[in-house]
Amino acid sequence: PFLWDAMQKDKNSKIDFSLTDAVVKNQQEQNYGTLATIWPFAEWDQKNNPNANDCTVSNQDEFLSANDKKGRGEYLPFHRCNPANWEDYKKWVSDLVERYDGDGTSDMPGLKIPVKYWEVMNEPDLSYENNAPDANRLNFYKEGPKEYAKLLIQTSEAIRMADKDAKILIAGAAGASERYLNFYRQVLSVSGVKDAFDIANVHCISNDDRTNDFNVGAYKKMLSATGVAKLIWVTEAESFNGKTAEENY
């Protein structure tokens, strides 16, 4: 729930850290660090976008609060484009990072394990292009590679403004199909992007049942072709190499 919409009701409202505090406290009670995914959407900001109508997701989208059949208790707003006001957004990001950086200034009360890893959104490639499967059901981002590149650069600037020691992850690729990898080829072609993140990021889930390396090989090849040599994390993983849970384990 590191979601702008869930933390600030409007431009002038004080940021509500209760949801994110609860996550960080729960993590550190188990001696875990936190990799926080930043969701850059707030309905009050999105509606100021001149192209707001193009930013809406389908009424069937699983992450609308009305469609929360799995009891997640988390949601995403109806509009999912880049922020309309970058200054407001970057202020929220900086305040968010400052809350959990562990430097003793404006920290969460009781913070023991600082948040040092920040992922900028999730799977923006998943529903890119009109023929994307499940676009009506799951659409995390309504814009394309060039727009995501801008989001990554702007968010990175705000994170580093608050914590120069923070590590930034590019959004996890939804898989290693050509459609997904081509999205990131275009992202990485934008000037300034390669310096805007520290850790590359790929997922291996139910659409990748033929891989034996969690998609790292294909993803690394794509990175290398664009001149990127960075640490790669797999932040969502499922194994399909066995027929039972024990074999996969």
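The values are calculated or read from the model by the stated rules, or taken from the named source; none is laboratory data. In this text, all values refer to a predicted model and were calculated from it rather than measured experimentally. Note that each Cβ is placed from the backbone with ideal geometry, even for glycine, and that neighbours are counted across all protein chains shown. Ligands, DNA and RNA are excluded from the accessible area calculation, which covers all protein heavy atoms including side chains. Shrake-Rupley method; radii C 1.70, N 1.55, O 1.52, S 1.80 Å.
Among the residues of segment 134-153, is there at least one that is on the phi > 0 side of the Ramachandran plot, modelled with pLDDT of 95 or more, not polar (S, T, N, Q) and not in a helix (DSSP H, G or I)? Steps first, please.
Start the filter on segment 134-153 by keeping residues that are on the phi > 0 side of the Ramachandran plot, which leaves 134.
This time we only want the ones that are modelled with pLDDT of 95 or more, so: none.
Looking for residues that are on the phi > 0 side of the Ramachandran plot, modelled with pLDDT of 95 or more, not polar (S, T, N, Q) and not in a helix (DSSP H, G or I), one finds none in segment 134-153, hence no.
Matching residues to (1) free of Cβ contacts under 8 Å to residues at least 24 places away in the same chain; (2) open to solvent by less than 40 Å² (accessible area, probe 1.4 Å); (3) not polar (S, T, N, Q):
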| position | (1), (2), (3) |
| --- | --- |
| Glu74 | no, no, yes |
| Val120 | no, yes, yes |
| Leu126 | no, yes, yes |
| Glu129 | no, no, yes |
| Asn136 | no, no, no |
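Please determine whether any residue of segment 225-238 is surrounded by 16 or more Cβ atoms within 10 Å (Cβ to Cβ), over 27 Å from Pro133 (Cβ atoms) and over 19 Å from the mean Cα position of the chain (by Cα).
yes
It is to be established whether one or more residues within segment 31-45 are closer than 18 Å to Lys91 by Cβ and among the small types (Gly, Ala, Ser). Even if it seems obvious, please write down each step before you answer.
From segment 31-45, those closer than 18 Å to Lys91 by Cβ are 36, 38-45; that's our starting set.
Among the residues that remain, those that are also among the small types (Gly, Ala, Ser) are: 36, 42.
Within segment 31-45, one or more residues are closer than 18 Å to Lys91 by Cβ and among the small types (Gly, Ala, Ser).
Need a quick list: helices (runs of 4 or more DSSP H) entirely within segment 1-70 having at least 2 residues that are without any contact (Cβ under 8 Å) to a residue 60 or more places away in the chain and surrounded by 14 or more Cβ atoms within 10 Å (Cβ to Cβ).
Hits in segment 1-70: 18-29, 43-46.
Would you point out which residue out of Val115, Val187, Val93, Val97 is open to solvent by less than 30 Å² (accessible area, probe 1.4 Å), part of a loop (DSSP other than H, G, I, E, B) and farther than 24 Å from Asn53 by Cβ?
Result of the check over Val115, Val187, Val93, Val97: Val115.
May I ask you to verify whether Ala225 is within 16 Å of Tyr148 (Cβ to Cβ) and aliphatic (A, V, I, L, M)?
no
Does any residue of segment 76-86 turn out to be over 14 Å from Lys142 (Cα atoms), at pLDDT 95 or above and crowded, with 20+ Cβ neighbours inside 10 Å? So that I can check it myself, show each step before the final result.
Quick first cut of segment 76-86, residues over 14 Å from Lys142 (Cα atoms) only: 85-86.
Next, only the ones that are at pLDDT 95 or above stay: 85-86.
Then drop every residue that is not crowded, with 20+ Cβ neighbours inside 10 Å, which leaves none.
Among the residues of segment 76-86, not one is over 14 Å from Lys142 (Cα atoms), at pLDDT 95 or above and crowded, with 20+ Cβ neighbours inside 10 Å, which makes the answer no.
Can you tell me how many residues within segment 221-233 are closer than 19 Å to Asn122 by Cα and in contact (Cβ under 8 Å) with a residue 40 or more places away in the chain?
Number satisfying all stated conditions: 2.
Do we find a residue being over 23 Å from Trp92 (Cα atoms) and touching a residue at least 24 places away in the same chain (Cβ under 8 Å) anywhere in segment 151-167?
No; the residues of segment 151-167 include none that is over 23 Å from Trp92 (Cα atoms) and touching a residue at least 24 places away in the same chain (Cβ under 8 Å).
Mind listing whichever residues of segment 197-207 are farther than 21 Å from Lys150 by Cα and assigned to a loop (DSSP other than H, G, I, E, B)? Outline the logic, then answer.
Just the residues of segment 197-207 that are farther than 21 Å from Lys150 by Cα, to begin with: 203-207.
Selection gives Ile205, Ser206, Asn207.
Enumerate the pairs (first residue in segment 95-114 and on the phi < 0 side of the Ramachandran plot and free of Cβ contacts under 8 Å to residues at least 12 places away in the same chain; second residue anywhere and of a type in the set (Val, Ile, Thr) and assigned to a helix (DSSP H, G or I)) with beta-carbon separation below 7 Å, excluding pairs fewer than 6 apart on the same chain, so at least 6 apart or on different chains.
Within 7 Å, no pair qualifies.
Which of the residues spanning segment 3-23 are of a type in the set (D, E, K, R) and under 17 Å from the mean Cα position of the chain (by Cα)?
Asp5
Would a scan of segment 208-220 turn up a residue that is outside any strand (DSSP E or B), open to solvent by 20 Å² or more (accessible area, probe 1.4 Å), of a type outside the set (A, V, I, L, M) and in contact (Cβ under 8 Å) with a residue 60 or more places away in the chain?
No, every residue in segment 208-220 fails to be outside any strand (DSSP E or B), open to solvent by 20 Å² or more (accessible area, probe 1.4 Å), of a type outside the set (A, V, I, L, M) and in contact (Cβ under 8 Å) with a residue 60 or more places away in the chain.
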